[in-house]
Each structure stands twice: as C-alpha cells, then as structure tokens.
Amino acid sequence: MITIQTERPREVNSWRAAGILYGDLGTSKAYVLGLAFALAGYSSFWFILAVSVLTFLVGLNYIEICKLYPNGGGVYASARSRSKVLALIGGFFLISDYLITAALSAVSAFHYLDVSHPEYWAILSIVIIGLFNLVGPKYTGNLAIGLAIPTVICVVCLGALSLPFLFKAVHNLTPISGNLKVDWNVFVGIIVALSGIESIANTTGSMKLDPGSTNANPSVGKTSTSAILIVIVEVCIFTSLLGLAMNALPGLEINNGDVNAPDYPNVRDAMLRYMAEIFGGSIFGTAIGHYFSLIISVVITLTLLSAVNTALIALISLLYIMSRDGEMPDIFQKLNRFGVPIYPTLVSFLFPVFVLLFISDMLGLASLYAIGFVGAIAVNLGATSTNPALSLKTWNRVFMFGTFVVMFLIEATLFIDKPHARTFVLSILGLGFLMRALVAERKEKVEAQVPKEISLIKIPEDIKETSLVAITGKNKTLDFSLEEAKKNNLPLYILFVREQRFVTKADQNRLWTDDKEASEVFNYVLTLAPKIPIEFLYTVTSHTAYSIVEIAKLKKVNRIIIGRKRRFSLLHFLRGTTISGLANLMPKNIDLLVVY
C-alpha cells in the first residue's frame, strides 16, 4: 500500500481571509469602547486612537510575516525555525489567549442580549459549541466569514449615525492626565483592541497562491496583504470614530469600574447597543432607535459566539499539532470516529468554563486576555525580526524589531501590574513545560518496524480503463468494487481515506501499517485473492473530496466509486457529505459511481 500526500486545497481568497481575520480582530470594538471609558472617562478617545495606531503598525508587520511564512506564520510555526523552546513559549501564550478569548467573547455576547447572569449563559454556550465541535463539522469556519458582512454593515451604519454628534463629542473631550505612568497603564488596559491579529498568520497555509507561484515555491503575499489592509483600515477607522462619538453620549458616569447612563445601570459591556439606541433614536425617533439597537445586539451576539467557536477550533488544532510534534502528551492525538482530537476538544471548552466560574467580569477577563496575545505577538515579531536566515529588508527588520520592543514593554507592564494575569499565564507556561518534560522523559526511541509489502498484481502503466474505490473501512462498496473488477477483469485502485479535522506533516507521512483499520482492509482483500491487478493507496486528509479527486487525477482513473448511507442523518447535515464535495470537484473525464 502506498501512502499518498495531497496538498491542502488553497481556497481562501482575500475576502475570505479578511472575513476570518475580522471575525477575531473586528469583534474587539464590541467591548473595548466601554472598557476604555471605564478606565479614562472622557479622555478615553486618545487612548483608543493610540491603540488603533499600534494596531495598524502591527498589521503592517504581519503583512511581512505572512509573506515570509506562506505555509503558516503563526507564532508556534514561525518561532520554531529559531528555537523549539521559543516556539513553545509562543504556543503557550496563544493557548492562554484562546482560553480567555472564548470566555470573554461569550460573556460579551450575552451582555449585548441584556440577559440576567450573562456568565451562566456564556458557560452554557461554550459547552454547547464545544460539544458541537466533537462532531467535527467541516465548514463552521465559514460562519465567521458570513457574519463579518452584516457586522461591518451595522458598524458602518452606526458610524454614519454618529457623524452629527461628533461636534458635541469633541466638545466633551478632556485631555489625558499627563502622568506618564497613569496614562501608560490606561493604554495597556485597553490593548485588547489589538487581539486577533495572529489568526491571519495561521491561515496562510490555506490561502490562494499568488499568480506565478506554485505549491513547491508558494507565495501568498497578494492575498494576505489585501486581507490585512481591508480589516485593519476598517478596525482602526471605525474603532477610533466610535471611540470619539461615544463622548457625545449624555450623562455617562463611572462607578467602581462600571459605566452608568441615565435609566441604564451599566452600559460598559454593551456600548455599541447603547450608542445605536441613543443616536438612532435622536435622529429617527425612539422606536427606530430601539429596533436598530436590537439589530446591533443580535448581530454582535452572533459574531461574538462565532469568535468563541473560532477560538476553540484554533486551540484544538494547536494542542493536536504540539502533541504530534512530541511536545504534548500522546493522548492529545486520540481521535473520535469523526477524526476530531478528543482531549484537546475537551480542554478547549472546559478550561474557559473553569475560568468563568471564578472570573466573569469583563474588566477582569480583559486583564487576563491581553497578556496572552501580546506575548504571542511579541514572540513572533522578535523571533522573525532577529532571524538572519529570512530575506527581510533592513528597514523592515528595524521596523519589526521596534514594534517588538513596544509589545515587549506592554507585556512587561502586564506582568508587573496585573498579578492575576501573571499568575494565569505563568500557570499555563508551567503546566505546559511540565507536560513537555514528562513527554520527553517517557519517550522511547523505537525504530518503526514496517512489515514487508505483500505483492499483488501490479497495474500496468499503459492500462486504458481503471477504477478507484474510496473507502474508510470494510463495507458493501468495497465488495461491490471487487466483484465488478473480477467480473469485467479490470484493474482496481483501493484508496483508504483517513479523514481528520487537523493534519500535520507527521500525519501526512503516516504508513498504512500504523492504521489498524487500513491493515484490516488490506488483509481482507488479500483473503479474497482476486486475480486482477490491484494497488492499495492510503491517505490522511482533512479535505476528503479534494484528496480523492487529486489522487484520481494522479492515477489517471476513469471512474471513482464511493458509498453512501441510505439514511441522511443530522450529522450528515452538520458535516456535509463527501459526495456533494466530489460533485463540485469532479473533472469531466472521470465518472462518479455512488453505491447505496
């Protein structure tokens, strides 16, 4: 049996990449405005503007990182070329970031729905989304992309409604305190507006290649640059605009970290909703303002819950990849029947729930939140800017290193001034390195013992008619294909597909002998001993339909045979079917035969 690698389909264009980035980076304005006002009152705009400028500078740096790492430029991947330890530190920072992203986004979502005890609803939603991911739906990432459009529309409309109030907002502005330490701490306190930029670097391996580049020498600079510029321009402009317009809201008062408004006890955690009601009501009447605030609430809630899902998926992927790299326990590689890593999935939603049991206030979660992603960004920028092996222009290297220094100072401030955040991230780092030490201690260097291939009748290269049957185990489709091959004396390729949610290089190099089910199928076919040419093929993929078609093209087959269950279950609806994927990808010169 031959293990065949197929490239991951690069189907993410600029707009899809922008949607993925916006689903993380763009959602920060839902909670950062209120947090900023709670910390700085009517001088908050200056700090929001400063964070927006830093966001733009970091975005420019990540344009270069995406160009340098077209197969994945997240901190764990990029820093690994410098040092495994450095990559692990960045990876553990990201883990702490994803854990709090899920918790904070869920709590913020239910603040916008104005429910009582939003932390309880947040816990319930995280558990439901986590269990949903155990089933392994293939296309949940598209949800973030689809929701980005209505969110942008709502933000643009709110920005337009705020324009008549800008004169009053400027009039209400107050200067910053002038105390460097106080002002710096406020700036660091609202750095959460920068969260999410790492998501674009992690996506480069799925981005469409630039014209003229190939999978062997990939380049995604055109796709990634457009995506980053689209998002950071929107985020910087509208976060600053709405941060200024917020000062026009009448009667805002700060009380023990909360922001109270007339007839509204606390608007800090749902500032966009309150702005929609006041601005819309002032221009079009109370009823219109109420309906617009309702629309804002629903759209923002769905977008934030989508951000929860995105964070959980990213965390599952990172834990699984670290385990495959030998940095985390092997138990993190155990998959369920849907190809989903079981224990990383459980960790991904149970830990945020654990955090919410102790800290559910947005201000407290925000302080835990920043230390993770700021650390990850700092490690990525520092490792990349000081890597002499990378072809960076001198001014790009200096600019990136300068940005790294700023991010390092912010991280150092968080470590010093936020004891809870320091304890949290050091706990993650300590636990992570402890598990890594245990893995290293128990790891045994055993040479793989690969059984000798059992020879079958080789398929001639000049054969004109061949079929490929794609299977995941012994089933009726395999029996049908063997009978047809014997009856018509035609050669047959038997492709065993191991579908997984996440696939690493180690998975791509896995042998069929490492797969118990594949070995059983191999032995089963041998017992039938058909006197026809048969070749066994094996692949591990997260894109089943794409891989089947690519292998069929490679082997130049005339027909693909695949099975389908008679009942169309809810799981089929959630996960999609391979048949529907094949129908969209099938070349005209290859027939598709579905066995029921």
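The values are calculated or read from the model by the stated rules, or taken from the named source; none is laboratory data. Note that this is a predicted model, so its numbers are computed, not measured. Using ideal geometry, Cβ is built from the backbone for each residue, glycine included, and neighbour counts are taken over all protein chains shown. Surface areas here come from the heavy atoms of the whole protein model, side chains and all, with no ligands, DNA or RNA. Shrake-Rupley method; radii C 1.70, N 1.55, O 1.52, S 1.80 Å.
If you take the beta carbon distance between Val233 and Leu426 as r and set R0 to 22 Å, what does 1/(1 + (r/R0)^6) give as a FRET efficiency, to the nearest 0.05?
Details: r = 36 Å, r/R0 = 1.64.
Given R0 = 22 Å and the Cβ-Cβ separation, E is 0.05.
Per residue, what accessible area does the chain have, given a 1.4 Å probe and all protein chains present, in Å²?
Details: 26540 Å² over 596 residues.
Per residue, the chain has 45 Å² of solvent-accessible surface.
How far apart, in nm, are two points set 7 Å out from the Cα along the Cα-to-Cβ line at Leu593 and at Lys487?
For Leu593 paired with Lys487, the spin-label model returns 0.8 nm.
Considering the options Phe408, Leu335, Ile288, tell which one lies farthest towards the positive end of the dipole of the chain, charges being +1 on Lys and Arg and -1 on Asp and Glu at the Cβ, about the Cα centre.
Leu335
So what is the relative contact order for the chain, in percent, with contacts set as C-alpha pairs under 8 Å and at least six apart?
Working: 960 pairs, mean separation 136.3, N = 596.
About 23 percent, as a whole number.
Taking amide hydrogens as modeled 1.01 Å from N in the peptide plane, which residues meet the under 5 Å criterion relative to Ser219, leaving out close sequence neighbours?
Residues meeting the criterion, in which the H sits 1.01 Å from N, are Asp210, Thr214.
Given a cut-off of 21 Å, name the pairs among Lys334/Lys516; Lys555/Lys588; Lys84/Lys505; Lys486/Lys516; Lys516/Lys555; Lys556/Lys588 whose C-alpha atoms lie farther apart than that in the structure shown. Could the numbers behind the result be given before it?
Values: Lys334/Lys516 14 Å; Lys555/Lys588 15 Å; Lys84/Lys505 16 Å; Lys486/Lys516 26 Å; Lys516/Lys555 25 Å; Lys556/Lys588 13 Å.
From Lys334/Lys516; Lys555/Lys588; Lys84/Lys505; Lys486/Lys516; Lys516/Lys555; Lys556/Lys588, over 21 Å: Lys486/Lys516; Lys516/Lys555.
If I take every Cα pair under 8 Å that is 6 or more residues apart in the range 353-432, average their sequence separation and divide by the length, what percent do I get for the relative contact order? Each step should come with its number before you reach the end.
Working: 50 pairs, mean separation 29.1, N = 80.
Reported as a whole number, the value is 36 percent.
Compute the length gained on full extension between Asn260 and Val406: take 0.36 nm times their separation in residues and subtract their Cα-Cα distance, giving the result in nm to one decimal.
Working: separation 146, 0.36 × 146 = 52.56 nm, distance 3.33 nm.
Full-extension gain reported as 49.2 nm.
Based solely on its DSSP helices, what 222 nm [θ] is calculated for the chain when runs of n ≥ 4 H residues each add -39,500 (n - 2.57) and the sum is averaged over all residues, nearest 500 deg cm²/dmol? Could the numbers behind the result be given before it?
Details: 23 runs with 368 residues, N = 596.
Helices in the chain give a 222 nm mean residue ellipticity of -20500 deg cm²/dmol.
Using Cα positions and a limit of under 13 Å, work out the aspartates and glutamates in reach of Lys181, with same-chain residues fewer than 8 apart set aside.
Cross-link targets: Asp417.
Using the beta-carbon distance between Leu335 and Lys393 and R0 = 45 Å, what value does 1/(1 + (r/R0)^6) give for FRET efficiency, to the nearest 0.05? List each step's numbers first, then the result.
On the way: r = 43 Å, r/R0 = 0.97.
Rounded to the nearest 0.05, the efficiency is 0.55.
Using a Förster radius of 30 Å, what is the FRET efficiency between Trp15 and Ile288 based on their Cβ-Cβ separation? Nearest 0.05, please. Write down the numbers at each step before the final one.
Details: r = 31 Å, r/R0 = 1.04.
Rounded to the nearest 0.05, the efficiency is 0.45.
Which one, Ala38, Ser52, Pro211, is farthest towards the positive end of the dipole of the chain when Lys and Arg carry +1 and Asp and Glu -1 on their Cβ?
About the Cα centre, the residue reaching furthest to the positive side is Pro211.
Percent of accessible area on the chain owned by carbon and sulfur, 1.4 Å probe?
Carbon-and-sulfur percentage of accessible area, whole number: 62.
According to the Cα gyration tensor, what semi-axes, each the square root of 5 times an eigenvalue, does the equivalent ellipsoid of the chain have, listed from largest to smallest in whole Å?
Numbers: eigenvalues 480, 134, 95 Å².
For the chain, the ellipsoid semi-axes come out as 49, 26, 22 Å.
So if I place +1 on the C-beta of Lys and Arg and -1 on the C-beta of Asp and Glu, and nothing else carries charge, what would the dipole magnitude of the chain be about its Cα centre? I want it in debye, nearest 20. The partial results should precede the final answer.
Working: 49 positive and 41 negative charges, 345 e Å.
For this selection, approximately 1660 debye.
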